[in-house]
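Student: What follows is a single structure, and I will ask about it in a moment.
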Amino acid sequence: MSNYVDVEGSGENTTKIVYNGGVVVNCAPYSEIRDLTVESTGGVASVFGIYASNDDFMKITNVTVNVSGGTTSSYGVYHSSSPATTLTLTDVVINASGSGTYAYAVMNSGSTNLIMDHVTAMASGTATSVTALRNGSSTSYATVKDSFLSGTAAINISGGLVKVANSELSGMATSLYITCINSYKFNGTAYAALSGSCQ
C-alpha cells in the first residue's frame with residue numbers, strides 16, 4: 001500500500017488478495033484497507049496476513065484475514081512500531097492457524113496503540129503459542145470492545161496495557177496489565193462474567 005491511498009474491495013466474499021508467501025498486505029500510513037479478504041496458506045517460515053510497521057493512523061475495516069502454514073510463525077495482523085502509531089480494526093474477522101512456534105491472530109508490539117472494535121480474532125493449531133491477541137512490550141497498548149477472542153490464550157501480555165469491554169474471551173488471559181469491563185466467557189453450558197482482570 002501507499003501513503004494516503006485506500007484499498008477497497010467489492011465485499012469480503014467477492015474480492016480476495018491471496019499470496020502464499022511472507023507478507024500479503026504491507027500497510028502504509030494514513031491509509032485504509034476495507035471490504036475484502038486477505039489469505040495466505042504459507043509455505044515459508046513466517047506468514048503475515050496484514051503487516052503494519054511504523055504505519056500511523058492505518059485502518060482495517062470490514063476485512064477477513066485467513067492465514068496458515070507458516071513453518072515458524074503465522075500472524076493474521078502484525079502491528080509493530082517505533083515511534084508510536086495507531087492501528088484501528090473495525091468489523092474484522094481474523095483466523096490464524098499454525099503448527100510451528102507462533103500462531104497469533106493479532107500481534108501488537110513496540111510503541112503501538114491498537115483499537116479492536118467488533119473484531120473476531122481466532123487462533124488455532126498445534127503451534128507452541130496459540131494466541132488471539134499478543135501484547136508484546138511495555139509500550140504496547142490495546143483497546144478491545146464488542147469483540148470475540150479465541151485461542152489457547154485469548155490474551156497474552158508481557159507488558160503495556162490491554163483494556164477489554166463488552167467482549168467474550170475463549171481461552172486463558174494474562175492477569176497482569178489488563179482490565180475487563182462487562183466481559184464474559186462460555187464455560188460449556190453457560191456464560192460467566194469475567195473479573196476486572198479478565199479471569
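Student: Hey, any hits in region 14-29 for a residue that's crowded, with 18+ Cβ neighbours inside 10 Å, closer than 17 Å to residue 120 by Cβ and more than 12 Å from the chain's Cα centre (by Cα)?
Tutor: no
Student: May I pose another question? Residue check, residue 177 against (1) crowded, with 17+ Cβ neighbours inside 10 Å; (2) under 20 Å from residue 117 (Cβ atoms); (3) of a type in the set (Phe, Trp, Tyr), all met but one. Which one?
Tutor: Of the numbered conditions (1) crowded, with 17+ Cβ neighbours inside 10 Å; (2) under 20 Å from residue 117 (Cβ atoms); (3) of a type in the set (Phe, Trp, Tyr), the odd one out for residue 177 is (2).
Student: I've got another one for you. Can you tell me how many residues in region 135-177 are under 13 Å from the mean Cα position of the chain (by Cα), farther than 15 Å from residue 108 by Cα and hydrophobic (A, V, I, L, M, F, W, C)?
Tutor: 1
Student: Name the residue, out of 169, 161, that is surrounded by 12 or more Cβ atoms within 10 Å (Cβ to Cβ) and touching a Leu at 6+ places or on another chain (Cβ under 8 Å).
Tutor: Residue meeting the stated conditions: 169.
Student: Additional query: Would you confirm, using the coordinates I've provided, whether residue 153 is touching a Ser or Thr at 6+ places or on another chain (Cβ under 7 Å), under 20 Å from residue 40 (Cα atoms) and part of a strand (DSSP E or B)?
Tutor: no
Student: A further question on this structure: Quick one: how many residues across region 129-140 are among the hydroxyl-bearing types (Ser, Thr, Tyr) and at pLDDT 95 or above?
Tutor: 2
Student: Out of all the residues in region 156-179, which are of a type in the set (Val, Ile, Thr) and not in a strand (DSSP E or B)?
Tutor: Selection gives 174 alone.
Student: I'm trying to understand the selection: among the residues of region 26-41, which are at pLDDT below 95 and either part of a strand (DSSP E or B) or touching a Lys or Arg at 6+ places or on another chain (Cβ under 6 Å) (or both)?
Tutor: Residues satisfying the conditions are 26, 40.
Student: For residues that are among the β-branched types (Val, Ile, Thr) and closer than 20 Å to residue 72 by Cβ, scanning just region 107-132, find the one that is surrounded by the most Cβ atoms within 10 Å (Cβ to Cβ).
Tutor: The extreme case among them is 131.
The values are calculated or read from the model by the stated rules, or taken from the named source; none is laboratory data. All values derive from a computational prediction rather than experimental measurement. Backbone-built Cβ (ideal geometry, glycine too); neighbour counts: all protein chains shown.
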